Amino acid sequence: FNMVGFQTKLKHGAQTRIFRTIPGLEKAEFARLGGIHRNTFIDGPRLLDGQLRLKSTPRLRFAGQVAGVEGYVESAGLGLIAGRFAAAERLGRQLAPPPPTTALGALLGHVTGGFADEAAAFQPMNINFGILPPLAGPAPKGRRGRIERRRLMTERAKHDIRLWLSGLDVAA
C-alpha cells in the first residue's frame, strides 16, 4: 500500500505504533513513513499582477504551487491561465481574467491579492466554495441549504466559465 500525502508531525516511532493498531498491519514493514514537507511559494498578492506576472519583472510569470495554490488540479489550472495570458500577450491581445465566480477566477484572485483581507497573511490554498463569491439574495440554511447553495454556485461557475471561454464578458 502507498499512503500518498501522509503529512504529519509525528515521529516515525509513533507513526509505526499507530499504524500497527490497524487490523492487518500488526506485522507490516514500513518502507517509508510520513514527514512534514513545506511548499515553496512566493507572496503572490504582493509580487504578482492580475495576469500572474512578476510586478518587478513583467516578462516572468508564475503559476502552480510556487504561485500559491495547493493541489495538482489547481496547479494545472493556474498554469493554463498563465499560458493563456502569455499567448494573448504574445498575439497583442488583451485577455480578461476568468470570472471570480469560477474556480479558476477564484484561485487567480487568491494568488494575486483579489481578496485584500487575506493578502496580509497569504497562504497557499486549494479551491473551495469559501473563496467563491456568495450567491445573491438570502442563503438557504442548514445542511440541505448548503447542498443547494453549492449546487447553485457550481451552476453559476459552469455558466460563467462557458461565457468566458467564448470571449463574452461576464458580470462579476
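Looking across region 131-149, just one residue is part of a helix (DSSP H, G or I), open to solvent by less than 50 Å² (accessible area, probe 1.4 Å) and within 28 Å of G113 (Cα to Cα), and that is I131. Residue count for region 77-105 satisfying the condition of being surrounded by 13 or more Cβ atoms within 10 Å (Cβ to Cβ) and either assigned to a helix (DSSP H, G or I) or under 15 Å from the mean Cα position of the chain (by Cα) (or both): 20. Using the structure shown, decide if G130 is on the phi > 0 side of the Ramachandran plot and of a type outside the set (S, T, N, Q). Answer is no for this residue. Scanning region 9-64 for residues that are farther than 21 Å from A76 by Cβ, not in a loop (DSSP other than H, G, I, E, B) and not β-branched (V, I, T) gives H12, G13, A14, Q15, R17, F19, P45, R46, L47, P58, R59.
Among the residues of region 65-76, the ones that are open to solvent by less than 60 Å² (accessible area, probe 1.4 Å) and assigned to a helix (DSSP H, G or I) come to 4 in all.
The values are calculated or read from the model by the stated rules, or taken from the named source; none is laboratory data. Bear in mind the structure is a predicted one, so any value in this text is a computation, not a measurement. We place every Cβ from the backbone using ideal geometry, glycine too, and count neighbours over all the protein chains shown. Protein only, heavy atoms only, side chains kept; ligands, DNA and RNA dropped before computing areas. Shrake-Rupley method; radii C 1.70, N 1.55, O 1.52, S 1.80 Å.
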